[in-house]
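Worksheet for the structure shown next.
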Amino acid sequence: MDILACPYDKHFPLELYVFKVNKYDRNVKFKQKPACELYCEYRKKYIKDLGEEDPGCEECIKYEVDLGILFCPECNRWYPIIDEIPILLPDEMRNKKEDLEFLKKNKDSIPSKIIEKGKPWNLSMEG
């Protein structure tokens with residue numbers, strides 16, 4: 001999350017909505033903490049706002065979002081995360097049918113602002 005920005009308007013950070021997470025047994029000792037440079041999703045704070053708070057890097061590194069959505073609050077675009085891969089494609093490269101199927105399949109976990117008004121498409125467009 002520290003490096004992901006909206007490909008449309010470059011807004012940072014994106015909002016993360018997690019539907020399924022995988023936990024791995026990773027024991028990593030960081031030479032420098034926080035490991036992220038700008039934004040800590042684990043604490044949901046900018047690094048500059050962490051102060052002396054432990055960012056929790058050793059715990060954070062154990063988790064991977066398997067299924068979820070990234071959302072840009074600036075332009076209302078959403079991007080799926082499937083099999084731990086965020087798919088941040090520009091509108092013209094996205095597959096409308098696949099995106100709408102993703103929304104339908106996961107609609108109970110997706111915020112209404114995405115279901116009803118998300119771009120480039122949403123379920124209210126289905127009529």
Of all residues in the stretch 52-88, which are touching a Pro at 6+ places or on another chain (Cβ under 7 Å) and open to solvent by 40 Å² or more (accessible area, probe 1.4 Å)?
Ile87, Leu88
Looking at the stretch 7-30 only, could you name the residues that are outside any strand (DSSP E or B), among the basic types (Lys, Arg) and under 20 Å from Ile114 (Cα atoms)?
Lys10
Lone qualifier among Glu52, Glu41, Glu74, Glu37 - being at pLDDT 95 or above and not polar (S, T, N, Q)
Glu74
Residue that is surrounded by the most Cβ atoms within 10 Å (Cβ to Cβ), among those in the stretch 1-21 that are among the charged types (D, E, K, R) and touching a residue at least 40 places away in the same chain (Cβ under 8 Å):
Glu15
Quick one: is Ser112 surrounded by fewer than 13 Cβ atoms within 10 Å (Cβ to Cβ), of a type in the set (Gly, Ala, Ser) and at pLDDT 95 or above?
yes
Could we say that Ile81 is assigned to a loop (DSSP other than H, G, I, E, B) and modelled with pLDDT of 95 or more here?
no
Of everything in the stretch 84-102, what is of a type in the set (Lys, Arg) and in a loop (DSSP other than H, G, I, E, B)? Give them in sequence order.
Arg94
Looking at the stretch 103-114, can you tell me whether even one residue there is part of a helix (DSSP H, G or I), of a type in the set (D, E, K, R) and touching a Pro at 6+ places or on another chain (Cβ under 6 Å)?
no
Looking at Pro80, is it of a type outside the set (Val, Ile, Thr), touching a helix residue (DSSP H, G or I) at 6+ places or on another chain (Cβ under 7 Å) and within 14 Å of Pro7 (Cβ to Cβ)?
yes
Within the stretch 31-51, track down each residue that is in a loop (DSSP other than H, G, I, E, B), surrounded by 12 or more Cβ atoms within 10 Å (Cβ to Cβ) and of a type outside the set (D, E, K, R).
Pro34, Ala35, Cys36, Leu38, Tyr42, Leu50
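The values are calculated or read from the model by the stated rules, or taken from the named source; none is laboratory data. Bear in mind that the values here come from a model prediction, so they are computed numbers and not experimental data. Virtual Cβ from ideal backbone geometry, glycine too; neighbours counted across all protein chains shown. Note: areas computed on protein heavy atoms with side chains; ligands, DNA, RNA excluded. Shrake-Rupley method; radii C 1.70, N 1.55, O 1.52, S 1.80 Å.
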